[in-house]
Amino acid sequence: MQRTLQRVGAANGDPINFSDPFGLHPCWQAGLQDHDDYESTGKYNPDGTAITEKKHVDCSKQRAQVAARRRRLGLDTDNRCSEQARFFVISAGARSVEGTGGGAGFALLIGNGTITLYGQEEALAGLDVGVHLEAGYWSGSADAYKGVSGVLNASYPPVGVSGSFNSGGHGWTGGPAWEVGASGGLSYSAPLVGTCK
């Protein structure tokens, strides 16, 4: 019996790295662009030509895979900072608000292949005095985290929660707090060191 090497026609000849489960024209050959392809129906015209059916091929999944691979390789760092993602946040600081006042602290933003330390200042109204150490999330881009955001804080020992929001995202943190009260106002975050400085 003669042995032959059986080539893989689908997945651009590379089934390990690419997938083409429906046998459609691979997105890789179309430059990762969405396109229309034609698939045989298994039926034939009277003249013997195959009857085909038009199919739209969406390549957004493959584009996302390529973008993820580039991020893992350390490429496209600018895109990592501007892409929408969910980030893990650790924040620590102190507030002194009796009627009006403010606060200051630091926040560490981790996610989407980035890690950045921010310095924060708050201008607040309410009653909120003490220190806090919180963890939570930011849903948006790392670039949107910097600058001005609205903030809401509430604490009753031993727990405190804080929310922040702006046109580019929002997030919540919570954790141990040695402060009593509630406050709201504006926060300014500036990147100090890290990927998205």
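Summary table below
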| read-out | value |
| --- | --- |
| Residue that is nearest to Thr100 (Cα to Cα) [pool: residues in region 120-136 that are surrounded by 16 or more Cβ atoms within 10 Å (Cβ to Cβ) and not hydrophobic (A, V, I, L, M, F, W, C)] | Gly126 |
| Residues of region 154-175 classified as of a type outside the set (Phe, Trp, Tyr) and farther than 15 Å from Ala107 by Cα, total | 10 |
| Hits in region 124-150 - residues which are in contact with a Phe, Trp or Tyr (Cβ under 8 Å, 6 or more places away or on another chain) and among the hydrophobic types (A, V, I, L, M, F, W, C) | Val131, Ala135, Trp138, Ala142, Val148 |
| Verdict on Gly168 being outside the structural domain of Arg63 (by TED's automatic domain parsing), modelled with pLDDT under 95 and over 21 Å from the mean Cα position of the chain (by Cα) | no |
| Residues of region 9-38 satisfying the condition of being surrounded by 14 or more Cβ atoms within 10 Å (Cβ to Cβ), farther than 12 Å from Gln62 by Cα and modelled with pLDDT of 55 or more | His35, Asp37 |
| Residue within region 95-115 that is of a type in the set (Lys, Arg), in contact with a Ser or Thr (Cβ under 9 Å, 6 or more places away or on another chain) and farther than 30 Å from Ala64 by Cβ present | yes |
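Residue by residue, here is whether (1) in a strand (DSSP E or B); (2) outside the structural domain of Ala30 (by TED's automatic domain parsing) holds:
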position: Pro46; (1), (2): no, no
position: His56; (1), (2): yes, no
position: Ala68; (1), (2): no, no
position: Ser91; (1), (2): yes, yes
position: Val97; (1), (2): yes, yes
position: Phe106; (1), (2): yes, yes
position: Leu117; (1), (2): yes, yes
position: Gln120; (1), (2): yes, yes
position: Ser139; (1), (2): yes, yes
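Each row is one residue, and each column tells you yes or no for (1) over 30 Å from Ser155 (Cβ atoms); (2) among the aromatic types (Phe, Trp, Tyr); (3) at pLDDT 75 or above.
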{"site": "Thr4", "(1), (2), (3)": "yes, no, no"}
{"site": "Gly48", "(1), (2), (3)": "yes, no, yes"}
{"site": "Gln65", "(1), (2), (3)": "yes, no, yes"}
{"site": "Arg69", "(1), (2), (3)": "yes, no, yes"}
{"site": "Asn79", "(1), (2), (3)": "yes, no, yes"}
{"site": "Ile90", "(1), (2), (3)": "no, no, yes"}
{"site": "Thr114", "(1), (2), (3)": "no, no, yes"}
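The values are calculated or read from the model by the stated rules, or taken from the named source; none is laboratory data. Here the structure is a predicted model, which is why all the values come from computation and not from measurement. Note that we place each Cβ from the backbone using ideal geometry, even for glycine, and neighbour counts take in every protein chain shown.
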